[in-house]
There are 4 protein chains.
Amino acid sequence: MPRQEGRSAAPSAAFGGTRSPGRLVAFSDAVFAIAVTLLVLDIRPPEDFRRLFHGLGLLWPSYLAYSVTFLMIGQIWVNHHVMFDHIRLVDRLLMFLNTLLLMDVAFLPFAASVLSDAFHSGDGERGAVVFYGATIELAAILFNIIWAYARRGRRLLGSTIDDAGARFVARRFRVAIVWIGAGTLVGAFLPLLGVAVIAAFIPAYWLPIRGERTGAG
Amino acid sequence: MPRQEGRSAAPSAAFGGTRSPGRLVAFSDAVFAIAVTLLVLDIRPPEDFRRLFHGLGLLWPSYLAYSVTFLMIGQIWVNHHVMFDHIRLVDRLLMFLNTLLLMDVAFLPFAASVLSDAFHSGDGERGAVVFYGATIELAAILFNIIWAYARRGRRLLGSTIDDAGARFVARRFRVAIVWIGAGTLVGAFLPLLGVAVIAAFIPAYWLPIRGERTGAG
Amino acid sequence: MPRQEGRSAAPSAAFGGTRSPGRLVAFSDAVFAIAVTLLVLDIRPPEDFRRLFHGLGLLWPSYLAYSVTFLMIGQIWVNHHVMFDHIRLVDRLLMFLNTLLLMDVAFLPFAASVLSDAFHSGDGERGAVVFYGATIELAAILFNIIWAYARRGRRLLGSTIDDAGARFVARRFRVAIVWIGAGTLVGAFLPLLGVAVIAAFIPAYWLPIRGERTGAG
Amino acid sequence: MPRQEGRSAAPSAAFGGTRSPGRLVAFSDAVFAIAVTLLVLDIRPPEDFRRLFHGLGLLWPSYLAYSVTFLMIGQIWVNHHVMFDHIRLVDRLLMFLNTLLLMDVAFLPFAASVLSDAFHSGDGERGAVVFYGATIELAAILFNIIWAYARRGRRLLGSTIDDAGARFVARRFRVAIVWIGAGTLVGAFLPLLGVAVIAAFIPAYWLPIRGERTGAG
């Protein structure tokens, strides 16, 4: 009974070895929700209101960065829950790795603003897509590390997932690394196509998985 | 028993078909609360403090945009809860539709700032009201889509609402589309009147419904 | 059994007459937490880093506005909980009144920034204290209205408080109106003294009440 | 039965003597999550996009301030939970002390922005590290005061920790005062080394404690 042991004795109990992930998940959700809502602060109204729709149209890179990043963080939120639905215990190292992941996700509003500024200015689009893609790639890598760590010997997993399921999740997380990495690489040469490849990752992960049984099935 | 089936087997369990809406509601609430509180960042103190009240008075378009948008998001929050009080299961598509709704609501601080800037500058008021109204209209449309999807064959609804109740909610959501649409249209010609029509939607939805039995009844 | 009745039948169930305050409290807490944390965005680093401590010292009006407003919203948070510990049911009107209260509290970062800017510029301090005090006074008035509405015929109160207790809370809320009103009035003539009177309200409400039995008693 | 007594009678029940810490912890978590996510707003994209990576490289002080402060607040969040895992009752004074702690943590984004601006400008680095370190030191001091107050006569502690455990936590919190104080002092002479000492505090508190039994043990 690892969880009970972690809280039974001092000084072990004081800085507990392991604990249930409830608070970690709540804290992560708050960071995701705030990061996603801060994105709008980067969109600034046009200066000239006499040609308002023209001005609003020129803001397309901001809308692009806003919507791709919003949906991407939404995606990250969903996958974070998928992962922690099956993680029953968290230890210090897992908490630290999760903090690194949050630090990367909370950095995305900056990467998004570099992206939209580059397309606004017409310079540095390639570099900006690489910078933006690399920030998302880091999140994908951290997902893989966290899941691999939690799976090792099933130490931190609950009984809601069997080994085949855990392998299936790991495979899906590995696909993310390749996909986002490919989009970043493409962006180094064709920036808008790179953004499109990265954005295409979103519906691929939202749409039902072939063969997945749905609640209505 | 869709919910149990969705968590029973791998790989289905891994990226679960359906789940209860608790976390989706908590995440949505957080986005609503943040969006509503970020609105104030758009109100900037006047430059000249020697005639402070004069300067504060000139900020009326900011106060108008702040209060209408705040109460509108409050309204959206209430209606979101009404909807998810009766939705017992969420699947991927519902989660995606809800993310689109959040993306639209989190965009409202920008639309509000376009609105107040237009009235400050005295140019582009018509276009700004149309832009602002269209953002709210999109939220109304997404409410209708989400509810229609959840009702279809009562697949995702719980037993807390019967078919008559579900139809009643649907009718109310349809009224929102017409009302906000009308306000947006009016705003294309008479901007302040358009804002007034949109704002009038708020008390209409807050005030008790004729014939509604209250807890004290 | 008002609560059950409110959920039993359609269309009443659809937009329910009354409900428990859990979500309203959670939403309010989120707005308080965000408003309080946004305050820091108004403090800007000095321009000249060669005389850093001199520059940091000149920011005293920002620190003053930050700390008084932070502690005041902390106070409002505590009192909001005191109130909703005893409110067992919320209806539409109560939800609307609470939204007005949140709209006022979320406006405080702006009022605080008017206050600090006035003291920075050396102009308009009197007006700024009046504006700031009036924003807090409105919160105090809304507290009184909400409590009076909830108490009327004990319609919305739970059994955790008796009539004497409800009167006691009402009296305390009335004191807030007088106190903040007095500070605002003083500020119209002696701005810093006005801020001091308003700030003195905070320890008065944090310190234990004479005669209050504590958990250790 | 202190908790029941605190809610039993009026007027004591009205402004209750003690209560369980659930809401205080949730409110604190929200402030930590918001403060940590606001940090990114201080990083501004470079002006010149023709040499984007050069410009992004020049932002290193912003990345440094972002990551050290993010991880430090993450650390504070973990330690706050360790503390309140064992605090079963909170009274007014504890709530006030906790509000002071939150006020200090919510101030950290400003201190971080002073730090990065100083390194950007090349002036005032020493003063900025002292200012930044002092803000963290104040948090460390408040942790010690809150824990000492909660431990006194075990008035507010639960049975999840024995006296040895409580002493162990107190010792760990005292180390924080010395460590951060030393880093601040070093920073008064060698600013980057001071930041390094402060940053080194983070892994020291994240890494497992020697002799700590983990859940897998």
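Data table
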{"read-out": "Meets criteria (at pLDDT below 95, of a type in the set (A, V, I, L, M) and not in a helix (DSSP H, G or I)) for C:I202", "value": "no"}
{"read-out": "Search result, residues across segment D:78-130 that are of a type in the set (F, W, Y), within 7 Å of another protein chain (Cβ to nearest Cβ) and farther than 28 Å from D:G153 by Cβ", "value": "D:F107, D:F110"}
{"read-out": "Only listed residue being within 8 Å of another protein chain (Cβ to nearest Cβ), under 27 Å from C:H120 (Cβ atoms) and in contact (Cβ under 8 Å) with a residue 12 or more places away in the chain, chosen from B:L52, B:L56, B:L38", "value": "B:L38"}
{"read-out": "Complete set of residues in segment A:146-171 that are part of a helix (DSSP H, G or I) and in contact (Cβ under 8 Å) with a residue 24 or more places away in the chain", "value": "A:I146, A:W147, A:Y149, A:A150, A:G165, A:A166, A:V169, A:A170"}
{"read-out": "Condition check for A:A118: among the small types (G, A, S), buried (at least 22 other Cβ atoms within 10 Å of the Cβ) and under 23 Å from D:L38 (Cα atoms)", "value": "yes"}
{"read-out": "Top-ranked residue in segment C:143-155 [being among the aliphatic types (A, V, I, L, M) and crowded, with 20+ Cβ neighbours inside 10 Å; ranked as modelled with the lowest pLDDT]", "value": "C:A150"}
{"read-out": "Per-region count, segment A:172-199, residues outside any helix (DSSP H, G or I) and under 13 Å from A:N79 (Cβ atoms)", "value": "0"}
{"read-out": "Condition check for D:A30: under 20 Å from D:I136 (Cβ atoms) and assigned to a helix (DSSP H, G or I)", "value": "no"}
{"read-out": "Subset of segment B:156-177 [more than 25 Å from B:S20 (Cβ to Cβ) and surrounded by fewer than 19 Cβ atoms within 10 Å (Cβ to Cβ)]", "value": "B:R171, B:R174, B:V175, B:I177"}
{"read-out": "Within segment C:1-36, considering residues that are among the polar types (S, T, N, Q) and more than 18 Å from C:H80 (Cα to Cα), the one modelled with the highest pLDDT", "value": "C:T18"}
{"read-out": "Cβ-Cβ under 7 Å pairs, at least 6 apart or on other chains, segment B:102-129 side free of Cβ contacts under 8 Å to residues at least 60 places away in the same chain, far side basic (K, R)", "value": "B:D123/A:R50; B:G124/A:R50"}
{"read-out": "Selection count, segment D:59-89, where residues are in contact with a helix residue (DSSP H, G or I) (Cβ under 7 Å, 6 or more places away or on another chain) and free of Cβ contacts under 8 Å to residues at least 24 places away in the same chain", "value": "1"}
{"read-out": "Some residue of segment C:119-126 being at pLDDT 90 or above, touching an Asp or Glu at 6+ places or on another chain (Cβ under 8 Å) and assigned to a helix (DSSP H, G or I)", "value": "yes"}
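The values are calculated or read from the model by the stated rules, or taken from the named source; none is laboratory data. These figures come from a predicted structure and were not determined experimentally. FYI the Cβ positions are ideal-geometry reconstructions off the backbone, even for glycines, and counts take in every protein chain you see.
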